[in-house]
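S.K.: Structure provided below as structure tokens; questions to follow.
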Amino acid sequence: MKFRFKDFRVYKEAKAYCKFTREITRQHIDKADRGLANQIQRASNSIALNIAEGSADNSDIEFARFLGIAIRSVYETVAGFDLATTYGFMHTELNGEVETKAHKLVKQLAAFRSKLRLPEDGFTKG
């Protein structure tokens, strides 16, 4: 059985973002605030996991919903790193790098979602 999500460029980008954010949380946040580091890592993992989960369904509407959750998870990681910067766990420059990568990933997820076949109103009938 082939898992189609593994071929998606956006899934590969999400995995790279997960790895990038995990390294930052390990190096800069984990010792200072394990709870925040854990929350960021869970949100980061959620990006790739929601792409995979959404791809399992044959419904583009359902897949679009999962991609929306993935986008919100990117936002959650950005907020987590912003808090870490506010608390002094990491430098503003590194936070800027996170935001640049996050913005790129959100754009890719949104573009991927826009290519799905959805009803004109975005909702199913009935």
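S.K.: Pairs only if they're at least six apart or on different chains, beta carbon under 8 angstrom, first in region 99-120 and more than 16 Å from residue 18 (Cα to Cα) and in contact (Cβ under 8 Å) with a residue 40 or more places away in the chain, second outside any helix (DSSP H, G or I) and charged (D, E, K, R); list them, first residue then second.
M.R.: 119/125
S.K.: Checking residue 65 against (1) without any contact (Cβ under 8 Å) to a residue 12 or more places away in the chain; (2) buried (at least 16 other Cβ atoms within 10 Å of the Cβ), which single condition isn't satisfied?
M.R.: Unmet condition: (2).
S.K.: Right, something else. Filter region 1-17 down to the residues that are more than 17 Å from residue 66 (Cα to Cα) and surrounded by 18 or more Cβ atoms within 10 Å (Cβ to Cβ) and list them by number.
M.R.: If the condition is that a residue be more than 17 Å from residue 66 (Cα to Cα) and surrounded by 18 or more Cβ atoms within 10 Å (Cβ to Cβ), then 17 is the only one that fits.
S.K.: Separate question: Which of the residues spanning region 1-46 are farther than 23 Å from residue 107 by Cβ and either touching a residue at least 60 places away in the same chain (Cβ under 8 Å) or touching a Cys at 6+ places or on another chain (Cβ under 8 Å) (or both)?
M.R.: Answer for region 1-46, where residues must be farther than 23 Å from residue 107 by Cβ and either touching a residue at least 60 places away in the same chain (Cβ under 8 Å) or touching a Cys at 6+ places or on another chain (Cβ under 8 Å) (or both): 28, 29.
S.K.: Any idea how many residues of region 96-117 are of a type in the set (Asp, Glu) and under 17 Å from residue 12 (Cβ atoms)?
M.R.: 0
Every read-out reported here was derived from the displayed coordinates using simple, explicitly stated rules and does not represent laboratory data. Everything numeric in this text was worked out from a predicted model, so none of it was measured. Please note: Cβ atoms are built from the backbone with ideal geometry, for glycine as well, and neighbour counts cover all protein chains shown.
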